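Since the structure comes first, as structure tokens, the remarks are kept for the end.
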Amino acid sequence: MWVTTLQAAVAGLYLGAVPAPGTWNWNLFELEGRDYVSVDQVAEFYRLPQPARSGDSVKLGTGDKGVELWVSRKEAVVNGVRFSLCFPVTEHRGQPMLSRKDLVKVFEPLMRPERIPFGKAFKTVVIDAGHGGGDRGARSRWSTEEAQLTLSVAKRLRPLLEAAGFKVVMTRIRDEFKELADRAAVAENYENSIFVSLHFNSGDSAARGVETYALAPAGSPSTASERLRMSDFQSFAGNANDGNNVLLAAAVHRRMSQLWGNAKLDRGVKRARFVVLYQCKRPSILIEGGFVSNPEDGKLISNPDFQLRMAEHIKLGILDYQSLLNEGVQYEPGMMIVMNREAEAVEVPMVETSPTAMIPRGGLPITTVAIGTNILDVTPFRPVDF
Ligand SMILES: [Zn+2]
């Protein structure tokens, strides 16, 4: 275990230098092979209430304007939206600790969305109706097949977004097969666009509910994976938009979970490296809008009225994303983001350490620069512990 303090100022990084006035010092702790910060310091930085601990639960504020974490769990509720974290919350000398990766890739974009520098002027929504043609997607006796469901919702979403002033591009408008890479590439033709992929889920017959995927940040595992792999350190085109991706996922997921209206059916914002997410050069998400394989979900999602309501909620989420990016917090009841205008002059210095187990002996330095937020995020190789 080691502790270090890093200082940064607006214009640059001060490593080992005397901190300039107005700088913020994050105390980084290396625990379990990666960097952590104390949840107390996170609360202080974002001007959240100091953490209230009860068993494994740690609360900073409540409800739509608060955060809940659980020690040893890879899960958080941030301003009412459920998230899968990159790494478990851990504990050090009785203090709950949040991984630096989650601070940078989840908390920062959600707490201060107006500081995300990219994608603010998006005018186009690319709607990707999953599957089609020879690829029927998930099927069961309980539901219309996935390839048809995705197109039905896409066709309902399109006029709603157009009425809201967006240009809409569909990756398919009929029952045809399209390669995944070709779908992601459609967004490249539209500089100011976002990409929304529609899918439906399949699992055991008891599994229900809605989940929304954003691309896993480089250096973190996908939600479905228990451990880091070497390949998890690769940075893809889509990782340039990490901040936008998670904010868009949060905004749309919040509306979708409202539609489902039952916390048990809220499976949260998750992380994966799906082709349409990692190859897409624009902010992108993938929605799994209910389970084809469950009798109750199947009946709901096959209903045209429910499909229309789903389209309406996706549209509302996209509008929320737009206003969060441009204006920051909307203080309407139930809105999702708490932010900290007073800390405007503060940048967060983040120097990455990678789990030593992932670095081959004598390997080359691993360096990634992720610019999805305006946080400096550098991954140098630390030749220690060999
Ligand atoms: Zn699918």
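Among the listed residues Gly119, Gly165, Gly132, Gly94, identify the single one that is on the phi > 0 side of the Ramachandran plot and within 13 Å of the ligand (Cβ to nearest atom).
Step by step, each of Gly119, Gly165, Gly132, Gly94 is checked, and only Gly132 is on the phi > 0 side of the Ramachandran plot and within 13 Å of the ligand (Cβ to nearest atom).
To keep it simple, each residue is scored yes or no on (1) in a loop (DSSP other than H, G, I, E, B); (2) at pLDDT below 95; (3) out of contact with any helix residue (DSSP H, G or I) (no Cβ under 9 Å at 6 or more places or on another chain).
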residue	(1), (2), (3)
Asp182	no, no, yes
His199	no, no, no
Tyr213	no, no, no
Gly219	yes, yes, no
Ser222	yes, no, no
Leu247	no, no, no
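Do the conditions hold for Val37, that is, is it in a strand (DSSP E or B) and touching a residue at least 60 places away in the same chain (Cβ under 8 Å)? When the stated conditions are applied, Val37 passes them.
The numbered conditions (1) at pLDDT below 90; (2) in a strand (DSSP E or B); (3) of a type in the set (Phe, Trp, Tyr) are all true for Trp70 except (1). Can Ser323 be described as out of contact with any His (no Cβ under 9 Å at 6 or more places or on another chain) and not in a helix (DSSP H, G or I)? So Ser323 fails the test.
Per-residue answers, yes or no, for (1) under 26 Å from Leu316 (Cα atoms); (2) buried (at least 18 other Cβ atoms within 10 Å of the Cβ):
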{"residue": "Glu75", "(1), (2)": "yes, no"}
{"residue": "Val78", "(1), (2)": "yes, yes"}
{"residue": "Leu98", "(1), (2)": "no, yes"}
{"residue": "Glu108", "(1), (2)": "yes, yes"}
{"residue": "Ala129", "(1), (2)": "yes, yes"}
{"residue": "Ala163", "(1), (2)": "yes, no"}
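For region 106-113, the criterion of being within 16 Å of the ligand (Cβ to nearest atom) and touching a helix residue (DSSP H, G or I) at 6+ places or on another chain (Cβ under 9 Å) is met by none of the residues. Looking across region 261-299 at every residue that is part of a helix (DSSP H, G or I) and within 23 Å of Glu226 (Cα to Cα), the one that is farthest from the ligand (Cβ to nearest atom) is identified as Lys264.
For region 271-284, indicate whether the set of residues that are within 15 Å of Ala76 (Cα to Cα) and at pLDDT 95 or above is non-empty. Yes: region 271-284 contains one or more residues that are within 15 Å of Ala76 (Cα to Cα) and at pLDDT 95 or above. Scanning for something of a type in the set (A, V, I, L, M), outside any loop (DSSP other than H, G, I, E, B) and more than 10 Å from the ligand (Cβ to nearest atom), does region 143-152 turn up at least one residue? Yes, that holds for at least one residue. Scanning region 194-251 for residues that are crowded, with 18+ Cβ neighbours inside 10 Å and acidic (Asp, Glu), we see that the one that is farthest from Gln148 (Cα to Cα) is Asp232.
From the list Arg73, Arg93, the lone residue that is without any contact (Cβ under 8 Å) to a residue 12 or more places away in the chain and outside the structural domain of His253 (by TED's automatic domain parsing) is Arg93.
Applying the criterion of being aliphatic (A, V, I, L, M) and within 14 Å of Val196 (Cα to Cα) to the residues of region 306-323, the residue that is surrounded by the most Cβ atoms within 10 Å (Cβ to Cβ) is Ile314.
The values are calculated or read from the model by the stated rules, or taken from the named source; none is laboratory data. Just so it is clear, the model here is predicted, and its values are computed rather than measured. FYI the Cβ positions are ideal-geometry reconstructions off the backbone, even for glycines, and counts take in every protein chain you see.
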